[in-house]
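Note sheet for the following structure.
The values are calculated or read from the model by the stated rules, or taken from the named source; none is laboratory data. The shown structure was predicted, so the numbers you read here are calculated from the model rather than taken from an experiment. Counting neighbours? That spans all protein chains shown, and the Cβs are built from the backbone with ideal geometry, glycine included. Each accessible area value is taken on the protein alone, full model and side chains, heavy atoms only, with ligands, DNA and RNA left out. Shrake-Rupley method; radii C 1.70, N 1.55, O 1.52, S 1.80 Å.
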Amino acid sequence: MSDFAEQVKIKGMYSFWARKVGILLSILLLFAGNMQAQELQILSIDSSAFPIIKAQIIYSGKKKFDSSALKLSQDNRSLAYQLNESSPGSAPVNGRALFLLVETSGILYGTPLTELKEGLMSSLAALQGEDLLNAASFGSYEVDSIGFNLLNPEFTTSHKVLREAFGTRLSAIADTGQRSDLYHNIIKSLEYISKNSDLPRHKVVIVLSAGKNNSSFGETAARTINRAQEMGLPIHSITILPTDSAYNPGRLDNISRKTGGKYSTCRSRSDIANALTDIFNLQAPDGMRDAYYEISFTAFNDLNPNAAKIDLNYNGARQIFTAGLPTSDTGISEDYKKYLWISIGILVFVVIIMVVVNVVNKRKPAGNLDLNAPDDSFIQERSESPGTVESMVGPRIQVETVSRPETIEVKTPKKSGSVLLVSLGGRTNTHSIDRDATKIGRHDTNDIQINEQTVTGSHAVIRKTAPGFELEDLGSTNGTFVNGERIRKRVLISGDRIRFGSIETTVKF
């Protein structure tokens, strides 16, 4: 084997092991960076009344939150605490709230309504035991003088109560005019759900209807869709087709599609039962699988009257934070600091290894060269002094660093006397609130749009008043909080911390 071939072999071995080392260290770096991924995270800490401390946490696990697995300790001493669930029911394990709107208009008189009732009752076996359930029937107020008719005063886990109501209280009056207050009663259902603030976050709305809106109330499909989108609720719909094959079922499919719901058409009881079971088995959206809790406890202040280092442990996953008076350390987790330094060390080590391997691969010792090899990476230099012999000199290795300037777009906020600082995705944006009324929500029609799942379409409004500014919650699903306290209406002062859903903001005047 020639010297040149030997060098190629060595160079290939260096490249092979360089790739192996690089992959291994990248895995270690990724593992170190994700070692602290937690199902339970601390959202905020309120220690203004130290040693009394309140902390808000969020649980995003796939399993049911087990309060007995949560431990708090300080200096290896256990802390007693009180746990309050501020946003009940991480879905789907903690249960759901299911609301069924059932049409009993004359369009379904006779066999179609019988098929609907039997299919509905047989599907209830697919529900989870902890699911909350309620239902309402509706027809045409012009025909039967019955509007939005709740079958039970409140949501219940007693599915037997609703099964009996479906069997005895669903009836229709014949109506050749095919009148039905469909859209009006869907909106009534949404309003009823919005008034029940204690329901789980995972809410399921199912409309079982002939699909035709022929009503004097004047509601439209567009308004129905807008109301559902504002609440962040998908409308699942099942259209029950009468025996008339020429029947036009209307546009319930459009309402379901635009709100993110499931749509199907059925004729028989088995079709209805299967369609309902499919909806019952749908997974909750990711944003609804989180549950929010507030922990209240009193720290030991015998060692330090101003601060306490707390060890929060859930199923072996530890988070350490420091809570104390405003002048004390805000409490970055010691574990996070440790793994940050580990990650930096591994990254530096990877860079050094890569540089060394790169240099070794490019260097070729002069003593092992085949001068006849077709390799132009070496040059022949002649001495400028007379009488010297010709010599071969190895190449000079030049490392060229090419800088590619990155274009960074900097949005300069408009100058304004009063602003709202919104932290989202690791960035803080500044929004003026000097107008008479500043609307805030997920939809792009708001003055300040916060495009995040936990923020309601029209979440809150900040109004400019004579004394200053006033914040009002607009019936949002996940609530509006000022300095950790849920509010309906509150006069603001500069520096107040406002949370819309899970998004933290600060107001400055």
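Results for (1) among the aromatic types (Phe, Trp, Tyr); (2) open to solvent by 60 Å² or more (accessible area, probe 1.4 Å); (3) modelled with pLDDT under 90, shown as yes or no for each residue.
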| site | (1), (2), (3) |
| --- | --- |
| Ile53 | no, no, no |
| Lys64 | no, yes, yes |
| Ser78 | no, yes, no |
| Ala91 | no, no, yes |
| Thr104 | no, no, no |
| Gly110 | no, no, no |
| Glu115 | no, no, no |
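Somewhere in segment 132-152, is a residue out of contact with any Pro (no Cβ under 6 Å at 6 or more places or on another chain), open to solvent by less than 60 Å² (accessible area, probe 1.4 Å), closer than 16 Å to Asn196 by Cβ and β-branched (Val, Ile, Thr)? So far as segment 132-152 goes, no, none of its residues is out of contact with any Pro (no Cβ under 6 Å at 6 or more places or on another chain), open to solvent by less than 60 Å² (accessible area, probe 1.4 Å), closer than 16 Å to Asn196 by Cβ and β-branched (Val, Ile, Thr). For segment 435-447, filtered to residues that are closer than 23 Å to Gly495 by Cα and surrounded by 20 or more Cβ atoms within 10 Å (Cβ to Cβ), the residue that is nearest to the chain's Cα centre (by Cα) is Gly441.
Every residue in segment 197-226 that is assigned to a loop (DSSP other than H, G, I, E, B) and within 19 Å of Ser140 (Cβ to Cβ), please. Don't jump to the end; show me each part of the working.
Applying the first criterion (assigned to a loop (DSSP other than H, G, I, E, B)) to segment 197-226 yields 197-202, 210-213, 215-220.
Ala210, Gly211, Lys212, Asn213, Ser215, Ser216, Phe217, Gly218, Glu219, Thr220 - these are the residues of segment 197-226 that are assigned to a loop (DSSP other than H, G, I, E, B) and within 19 Å of Ser140 (Cβ to Cβ).
Scanning segment 145-163 for residues that are over 20 Å from Glu130 (Cβ atoms), more than 34 Å from the chain's Cα centre (by Cα) and either at pLDDT 90 or above or of a type outside the set (Val, Ile, Thr) (or both) gives Ser145, Gly147, Asn149.
Inside segment 210-231, residues that are touching a Leu at 6+ places or on another chain (Cβ under 6 Å) and open to solvent by 60 Å² or more (accessible area, probe 1.4 Å) make up a count of 1.
Does Ser123 qualify as being modelled with pLDDT under 95, in contact with a helix residue (DSSP H, G or I) (Cβ under 8 Å, 6 or more places away or on another chain) and farther than 30 Å from Ser502 by Cβ? The answer is yes for Ser123.
Residues checked against (1) under 26 Å from Gln41 (Cα atoms); (2) surrounded by fewer than 18 Cβ atoms within 10 Å (Cβ to Cβ); (3) modelled with pLDDT of 75 or more:
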site	(1), (2), (3)
Asn281	no, yes, yes
Gly316	yes, yes, yes
Gln319	yes, no, yes
Thr327	yes, yes, no
Ile344	yes, yes, yes
Val357	no, yes, yes
Ala366	no, yes, no
Pro374	no, yes, no
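Scoring His184 on the criteria (1) within 35 Å of the chain's Cα centre (by Cα); (2) touching a residue at least 60 places away in the same chain (Cβ under 8 Å); (3) in a helix (DSSP H, G or I) leaves a single failure, condition (2). Regarding Val161, is this residue β-branched (Val, Ile, Thr) and buried (at least 22 other Cβ atoms within 10 Å of the Cβ)? So Val161 fails the test. Filtered by the rule that a residue be part of a loop (DSSP other than H, G, I, E, B), touching a Gly at 6+ places or on another chain (Cβ under 8 Å) and of a type in the set (D, E, K, R), segment 229-259 gives a lone residue, Arg251.
Just checking, which of Ser137, Ser86 is at pLDDT below 90, out of contact with any Lys or Arg (no Cβ under 6 Å at 6 or more places or on another chain), hydroxyl-bearing (Ser, Thr, Tyr) and part of a strand (DSSP E or B)?
After applying the criteria, what remains is Ser86.
Among the residues here, Lys71 does not qualify as basic (Lys, Arg) and modelled with pLDDT under 90. When you scan segment 287-294, do you find a residue that is part of a strand (DSSP E or B), in contact with a helix residue (DSSP H, G or I) (Cβ under 6 Å, 6 or more places away or on another chain) and at pLDDT below 95, even just one? No. Within segment 459-478, the set of residues being in contact (Cβ under 8 Å) with a residue 24 or more places away in the chain and open to solvent by less than 40 Å² (accessible area, probe 1.4 Å) comprises His459, Ala460, Val461, Ile462, Gly468, Phe469, Leu471, Ser476, Asn478.
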